[in-house]
Every structure is written in structure tokens, then in C-alpha cells.
Amino acid sequence: MPPRTAVFFHAHPDDEALLTAGTMAMLAAEGHRVVLVTATAGERGLADMAPGEALGETRLKELYQSAAVLGCARVECLGYGDSGLSPKGGSAEERPDNAFMDADIEEAAKALAAILQEERADLLAIYDPAGGYGHPDHVQVHRVGRRAAEIAGTEIVLEATVNRDPLVRLLKLATKFYRFPPEFDVRTFESAYSPGEAITHRVNVRRYARQKRASMSAHVSQASGGDSDRTLAVMLKVPGPLYRLVFGTEWYVRRDLPPGARLRHPFERWPE
């Protein structure tokens with residue numbers, strides 16, 4: 001396969017580590033050009049910061065460290081404001097004036113499309129319509145990414161997601177042995193991410209588990225803060241063999257493929 005260019009568009013630093021790091025490392029190892037773009041610096045995330053440290057600056061440094069581990073050729077941040085931790089973004093008064101969730105879709109799409117055109121991108125990775133678990137900045141990534149691909153004429157658009165069917169089964173089983181916090185409701189995952197029948201790409205990234213784990217480890221600020229274990233911190237405690245099993249597949253949906261499509265590589269072509 002001749003070298004091609006793939007752009008991965010995420011809402012905040014560390015999102016790339018959780019959903020697409022294995023795929024990014026794989027493509028870079030195969031000789032493709034991998035570009036990482038975030039909408040925000042994640043400056044309103046939860047973290048334990050030392051006096052005088054700015055979270056946004058820290059998270060961008062972590063983003064560059066993650067990108068280096070994955071073999072990215074370019075990293076860009078569109079410079080929008082982080083909409084915050086509230087599932088719905090909270091009130092408008094609580095958000096920065098340039099919050100990404102409030103951004104004009106056409107304007108933001110043109111900024112992303114300029115990168116796609118400059119890179120002559122063959123592929124753009126975004127999120128599914130639900131934004132995974134529904135964070136407003138993630139939903140906006142889907143909207144902006146879709147429009148940017150239209151403007152730039154990017155051929156392949158993949159929606160990074162998770163197969164929610166085994167996830168829901170696993171969480172329901174876990175409730176029998178583990179007491180989740182009161183605010184945690186397993187039922188919310190029944191409408192999060194994507195059902196197995198909708199997924200078109202199941203990418204085996206077990207060979208790149210080391211790079212994916214290193215990408216997660218780069219986001220030190222997101223493994224601390226708050227009264228309970230952070231998701232990233234819990235993931236990094238998973239032993240190596242189990243880590244490769246649990247995080248060894250990354251899932252995508254490509255909407256222009258027919259139902260039942262089952263591909264194993266982002267650039268694999270569906271038989272005509």
C-alpha cells in the first residue's frame with residue numbers, strides 16, 4: 001500500500017490515547033503520515049496542578065509527548081475553549097466565550113478543512129454522532145468533522161467508537177462484584193457509542209499496545225484529580241497481557257459502506 005495521510009480529530013488532549021492511539025501507531029509504523037488535531041487544549045479538565053501551572057499548557061505538552069510516541073508527523077490545536085466537564089456543558093455563563101460546543105460549525109469546519117487540504121488527507125477520523133458518551137465537545141467533533149470532510153473532499157471518514165454490546169454486558173456483570181459511585185448509571189451506556197451491527201472496522205492493534213499504553217501514560221495530568229480513581233489511572237493499572245486483550249481492538253464506523261461491511265484496516269477497500 002503506498003503511503004497515505006490520515007488526520008485524527010479529537011476534542012481534547014488524551015482522547016487520542018483512549019480511542020485511536022493503536023491505529024495511529026500502526027499507520028505510522030506502516031509508513032503513512034499521521035496528523036493529530038485537537039479542538040481544544042482541555043484547559044477545563046480535572047487535574048491536580050502545582051501552583052502557577054496552567055492546565056491547558058500542561059495538557060498540550062502532554063499531547064506532543066503522546067504524539068511523538070505514536071509517530072505523528074504533525075500536531076495542531078484549533079484553539080477553541082474547552083466546554084468543561086458537565087455532560088451538557090452547563091450554563092452558557094459557565095463556559096468560555098469561545099467554547100467549542102458553541103462554535104459556528106461552518107467556521108470551525110473551514111479551519112479543519114484547511115488542514116485536510118494542506119495535507120491532502122486521504123482519511124479523517126472523528127467520533128460517532130453521540131460523541132461516544134455524549135460530551136458536547138465530542139458531539140461537536142462529529143458535526144465539524146463531517147462538514148470539514150465535505151469541504152475538503154476527504155474520501156474516507158471514520159467515526160471512532162466502541163462496540164457497546166460487550167461493554168454493557170461487562171459493566172452489568174461488574175455491578176455484581178463492584179460497587180460503582182452513586183452517580184454511575186450503567187444504563188447510560190446502552191445508548192452510548194455504537195452497536196456492534198453498525199461497526200464497519202475492527203482494527204487489531206495488539207502489536208501496538210506498548211505505544212498505546214505509553215500514549216496514555218503521557219497524559220499525567222489526567223490520571224489525578226478528584227476524589228476517586230480517574231479512568232486513565234485505572235486503565236494504566238491493567239497488567240500487560242490483559243491490557244493487550246482489553247485494549248487490543250479499536251472500532252470505527254464508515255457511513256458510506258453497506259450494512260454488514262467488515263474491514264480490518266482503515267485504508268482497506270470494500271469490494272465493489
**Request:** Report yes if VAL35 is modelled with pLDDT of 95 or more and in contact with a Lys or Arg (Cβ under 6 Å, 6 or more places away or on another chain), otherwise no.
**Result:** yes
**Request:** State which residue is modelled with the highest pLDDT when the search covers only region 129-169 and only residues that are surrounded by fewer than 13 Cβ atoms within 10 Å (Cβ to Cβ) and over 30 Å from GLU107 (Cα atoms).
**Result:** PRO166
**Message:** Looking at ALA99, ALA67, ALA73, can you tell me which residue is more than 15 Å from the chain's Cα centre (by Cα) and at pLDDT 95 or above?
**Reply:** ALA73
**Filter result (more than 20 Å from ASN204 (Cα to Cα) and open to solvent by less than 10 Å² (accessible area, probe 1.4 Å)) within region 1-34** = PHE9, HIS10, ALA11, PRO13
**Request:** Those residues that are surrounded by 12 or more Cβ atoms within 10 Å (Cβ to Cβ) and aliphatic (A, V, I, L, M), I need them from region 238-263; list them, please.
**Result:** VAL238, LEU245, VAL246, VAL253, LEU257, ALA261, LEU263
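Do we have TYR193 as of a type in the set (Ser, Thr, Tyr), modelled with pLDDT under 90, surrounded by 12 or more Cβ atoms within 10 Å (Cβ to Cβ) and within 17 Å of the chain's Cα centre (by Cα) here?
Yes, satisfied.
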**Request:** Could you tell me whether any residue of region 118-137 is in a loop (DSSP other than H, G, I, E, B) and in contact with a His (Cβ under 7 Å, 6 or more places away or on another chain)?
**Result:** yes
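The values are calculated or read from the model by the stated rules, or taken from the named source; none is laboratory data. All figures in this text were calculated on a predicted structure; none of them were measured in a lab. We place every Cβ from the backbone using ideal geometry, glycine too, and count neighbours over all the protein chains shown. Calculation scope for accessible area: heavy atoms of the full protein, side chains included, ligands and nucleic acids excluded. Shrake-Rupley method; radii C 1.70, N 1.55, O 1.52, S 1.80 Å.
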